[in-house]
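Here is the structure we will look at, set down as structure tokens.
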Amino acid sequence: MEKDMKILAIESSCDETSAAVVVNGRDVLSNIISSQIDIHEKFGGVVPEVASRKHIEAISAVVEEALQEANTIMEEIDAIAVTYGPGLVGALLVGIQYAKSLAYATNKPLIGVNHIEGHICANFIEHKDLKPPFVCLIVSGGHTFIVHMKDYGDFEVLGQTRDDAAGEAFDKIARAIGLGYPGGPKVDKISKEGNAEAIKFPRAKFDGDTLDFSFSGVKSAVLNYINQAKMKEEKIVEADIAASFQNAVVGVLVDNAMKACKMKKVDKIVIAGGVASNSCLRETLTKEGKKRGIEVLFPAPILCTDNAAMIGSAAYFEYKKGNIADLTLNAIPNLKLGER
Ligand code: KG4
Ligand code: ZN
């Protein structure tokens, strides 16, 4: 039997400082997340400079807590993993420098992880028997991708957004209707009281059989709707706007996800990223999947948003493929999926 591999993982690509201890890419011994949401809420979005500073303040304590909660010590850790992109450069650098120093001081292997690959791997933690191939819909604050995961670490991008990410659209609409930051969970909640058919917002469609997305049209349509209503001094029903917007976005995501399964002859779809915790997306995808004999899987909400456990999972599969970094590892803010 192979020896267990215990990885200490660090994530600092945006506004969460997180550290986790994960065994064999599947079992989470700890997953500490220190969120900066309260700080950025005041500004209506993430302020990169502030994010970097807060990561510096939090990182030592977060790593310490991750080891303690896992009931382990550095000597028992087999490798150190860190997100090196995509993300905010200053924020990424805090995690990278910390991980590099630790790897150097303890003489342990260093593994650089792609943040988006991490989101996908959150599903390996949640579903212990999940194996590729499958289709994955990644919907976060910064990214929207639909990929065919053929094997561990082997992706084919089938479609992506041509403008805003799905989560970004949720955040902007939430701000426009006065719900604050981060908007996704708030739109999700208020939508439950609204009529999703009240307003017909546009769903972007492209010619040909591309699976690309566009969310700038629906975002502008919602903003125009609100402005016109204000000009005419008409009452706006926030819950109806939120539910109708969510309906349009989820409709496009689910349509493309189903098309991807058909195209690749795959009967399994997993979702990942912050927006994967959206209740309407989960329900609609499950319902449409059932009709077509497609199994739909998603991680628990805490594994959907940014966390280091997902980085620890992805790191294990990268390590198995021999992808070890050295001390020249640097932040790549626009790192693509599948690139190293
Ligand atoms: O994956 P994530 O934590 O960070 C990025 O890597 O971008 O995703 C954060 C995004 C935010 O835009 C947030 O509004 C959205 O995920 N989000 C949601 C929900 N929960 C988080 N969007 C829709 N419905 C939700 N329940
Ligand atoms: Zn993320």
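The values are calculated or read from the model by the stated rules, or taken from the named source; none is laboratory data. Only a predicted model underlies this, so the values are computations on that prediction, with no experimental measurement involved. As a convention, Cβ positions derive from the backbone with ideal geometry for all residues, glycine included, and neighbour counts pool all protein chains shown. Side chains included, ligands, DNA and RNA excluded: accessible areas come from the protein's heavy atoms. Shrake-Rupley method; radii C 1.70, N 1.55, O 1.52, S 1.80 Å.
Remark: relative contact order (the chain) = 25 percent; criterion is Cα-Cα distance under 8 angstrom and separation of 6 or more residues. Classify the stretch 1-87 from the C-alpha gyration tensor, please: rounded if a/c falls under 1.5, else prolate or oblate depending on whether a/b exceeds b/c. In terms of gyration-tensor shape, prolate.
Quick check on the chain: helices-only [θ] at 222 nm, where DSSP H runs of length 4 and up contribute -39,500 (n - 2.57) each and the sum goes over total residues. Nearest 500, please. That comes out to -14500 deg cm²/dmol. Entry note, the stretch 132-298: relative contact order of 28 percent, from Cα contacts under 8 Å with a spacing of 6+ residues. Specify the inter-centroid distance of the stretch 1-26 and the stretch 100-127, based on alpha-carbon positions, in whole Å. So the two Cα centres are separated by 5 Å.
Computed 3J(HN,Hα) for the stretch 274-280, one whole-Hz value per residue from the Karplus formula 6.51 cos²θ - 1.76 cosθ + 1.60 where θ = phi - 60°, is x, 6, 5, 8, 5, 5, 5, glycine and proline marked x. Extent of the chain along its three principal axes (Cα atoms, max minus min coordinate, largest first): 66, 46, 31 Å. What a 1.4 Å probe finds exposed on the stretch 209-340 is 51% carbon and sulfur by accessible area, rounded to a whole percent.
In the stretch 108-184, what percent of the accessible surface is made up of carbon and sulfur (1.4 Å probe, ligands and nucleic acids excluded)? The C+S portion of the solvent-accessible surface of the stretch 108-184 is 46 percent. Across the cross-link table entries 54/128; 264/291; 205/235; 189/290, which are compared at the Cα atoms, the separations over 22 Å belong to 54/128; 205/235; 189/290. Accessible area per residue for the stretch 132-298 is 46 Å², calculated with a 1.4 Å probe on protein heavy atoms, without ligands, DNA or RNA. In the context of the full set of protein chains, residues of the stretch 1-88 present 45 Å² of accessible surface per residue (probe radius 1.4 Å, heavy atoms only). Note on the stretch 132-298: Cα Rg divided by 2.2 N^0.38 Å, N the number of residues, gives 1.04. Dipole magnitude for the stretch 203-304: about 300 debye, using +1 per Lys or Arg Cβ and -1 per Asp or Glu Cβ, origin at the Cα centre.
The share of alpha-carbon pairs in the stretch 124-215 lying farther apart than 14 Å comes to 73%.
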